[in-house]
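The values are calculated or read from the model by the stated rules, or taken from the named source; none is laboratory data. Remember, it's a predicted structure, so these values are computed and weren't measured experimentally. When we count neighbours, we look across all protein chains shown, and the Cβ atoms used for this are built from the backbone with ideal geometry, even at glycine. These area figures cover heavy atoms from the full protein model, side chains too; ligands, DNA and RNA do not enter into them. Shrake-Rupley method; radii C 1.70, N 1.55, O 1.52, S 1.80 Å.
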Amino acid sequence: MRTHQAERAAAGTLHGIDRLIRNVRTGRFERSLAALTAAGALVTAAEVFLEHDKASFGNKWMWAPVALGPVGAAAGVAGVFSRRMAKTALPLASAAIVANGLQGTWLHLRGIRQKPGGLSNLRYNLEMGPPLFAPLLVTMVGGMGVLASVLRREP
């Protein structure tokens with residue numbers, strides 16, 4: 001069995017992707033990904049608020065990603081400090097964010113189809129209508145949280 005000092009010496013020789021793989025194997029990456037989920041949830045919720053505010057929150061579902069942002073951030077921060085929260089609260093909040101992101105993609109596509117010309121005027125309606133791919137970015141933030149919750153955690 002390697003000593004802590006030998007592991008530190010070996011760690012110094014790792015570069016780039018090798019260090020990342022070691023962090024995944026030893027469980028260090030789980031905490032980092034939970035923290036990234038927290039930060040991503042806040043930044044995304046703020047951006048969604050600004051964009052949906054431009055549309056005057058015309059659909060009640062526009063509030064859902066804004067409300068889920070702080071929930072995802074709290075679960076991510078809790079997951080950094082607590083193994084239990086990383087395995088319970090983080091996957092629940094993250095799954096809700098993923099589901100909401102997929103729902104948002106459908107709603108944005110519906111909004112594009114409702115513009116004059118619908119899908120036959122796709123290029124114009126993609127540019128002038130709701131951003132089709134923005135909800136998928138929300139989905140990715142939730143996906144990071146789900147991934148963090150299934151990764152091994154350092155002892």
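Relative to the present Cα-Cα distance, how much length would full extension add between Trp106 and Leu92 at 0.36 nm per residue of separation?
Length gained between Trp106 and Leu92: 2.9 nm.
Compute the angle between helix 17-26 and the longest alpha-carbon principal axis of the chain, please, reported from 0 to 90 degrees and rounded to the nearest 10.
Once rounded, the angle reads 80 degrees.
Can you pull the three principal axis extents for the Cα set of the chain, in Å, largest first?
Here the Cα extents, ordered largest to smallest, are 68, 29, 21 Å.
How much length is gained if the chain between Phe81 and Lys54 is pulled fully straight, taking 0.36 nm per residue apart and subtracting their Cα-Cα distance, in nm to one decimal?
Roughly 6.1 nm would be gained on extension.
Can you figure out the FRET efficiency of Leu132 with Ile17, using R₀ = 35 Å and their beta-carbon distance, to the nearest 0.05?
Result of the calculation: an efficiency of 0.60.
How much of the accessible area of the chain, in percent, comes from carbon and sulfur atoms when a 1.4 Å probe is used?
Here it works out to 66 percent.
Over the stretch 79-121, one equal point on each Cα, no solvent: what is log10 I(q)/I(0) by the Debye formula at q = 0.33 Å⁻¹?
Evaluating at q = 0.33 Å⁻¹ gives log10 I(q)/I(0) of -0.97.
Report the charge-dipole magnitude of the stretch 15-155 in Debye, nearest 20, computed about the Cα centre from +1 at each Lys and Arg Cβ and -1 at each Asp and Glu Cβ.
460 debye
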